[in-house]
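A.B. asks: Before anything else, here's the structure in question.
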Amino acid sequence: MNENQETFTELAVNELPIVNREVDAIGMNCPLPILRTKKALADMQSGEILKIIATDAGAKHDFPAFAKQTGNQLIATEIVNDTFVFYLKRR
């Protein structure tokens, strides 16, 4: 892991899940990353994995709270430079 990468996950990088869909929220501010995520999850099946990429600093706190509130499982989170990457498993 290089000095610019910070990882908060129980999964090793080579264990990251196979992604079924991706939301690119780079450059979007709150609440757009969450709104885009909600829309994407609505079109997904139970057990599928959604990858969200965001740059809004609030995302670090928003996505764990969103997962808890909606019952979707936040299975991994990575922070690389100023980009946040979240992996949500659809309930």
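The values are calculated or read from the model by the stated rules, or taken from the named source; none is laboratory data. Quantities reported herein were computed from a predicted structural model and do not represent experimental measurements. Neighbour counts are summed over all protein chains in view; Cβ atoms, including those assigned to glycine, are modelled from backbone coordinates with ideal geometry. Quick note on the areas: whole protein, heavy atoms, side chains included, nothing else; ligands and nucleic acids left out. Shrake-Rupley method; radii C 1.70, N 1.55, O 1.52, S 1.80 Å.
A.B. asks: Of everything in the stretch 51-91, what is among the charged types (D, E, K, R) and within 17 Å of L16 (Cα to Cα)? Give them in sequence order.
C.D. replies: First, pick out the residues of the stretch 51-91 that are among the charged types (D, E, K, R): 51, 56, 60, 62, 68, 78, 82, 89-91.
Passing the criteria: K51, E78, K89, R90.
A.B. asks: I'm trying to understand the selection: among the residues of the stretch 37-52, which are without any contact (Cβ under 8 Å) to a residue 24 or more places away in the chain and surrounded by 17 or more Cβ atoms within 10 Å (Cβ to Cβ)?
C.D. replies: Listed by number, the list holds a single entry, A40.
A.B. asks: Would you tally the residues in the stretch 65-91 being over 18 Å from M28 (Cβ atoms) and free of Cβ contacts under 8 Å to residues at least 24 places away in the same chain?
C.D. replies: The total comes to 6.
A.B. asks: Condition check: in contact (Cβ under 8 Å) with a residue 40 or more places away in the chain, of a type in the set (V, I, T), within 19 Å of L32 (Cα to Cα) and open to solvent by less than 60 Å² (accessible area, probe 1.4 Å). Does T55 satisfy that?
C.D. replies: Values: in contact (Cβ under 8 Å) with a residue 40 or more places away in the chain: no; of a type in the set (V, I, T): yes; within 19 Å of L32 (Cα to Cα): yes; open to solvent by less than 60 Å² (accessible area, probe 1.4 Å): yes.
Here the answer is no, as T55 does not meet what is asked.
A.B. asks: State the number of residues belonging to the stretch 38-63 that are in a helix (DSSP H, G or I) and farther than 17 Å from E78 by Cα.
C.D. replies: Initially, the stretch 38-63 is screened for residues in a helix (DSSP H, G or I), giving 38-42, 59-63.
Filter once more, so that each one left must be farther than 17 Å from E78 by Cα: 38-42.
Number satisfying all stated conditions: 5.
A.B. asks: Working only within the stretch 66-90, note down all residues that are open to solvent by 60 Å² or more (accessible area, probe 1.4 Å) and either of a type in the set (D, E) or at pLDDT 95 or above (or both).
C.D. replies: K68, Q69, Q73, D82, K89
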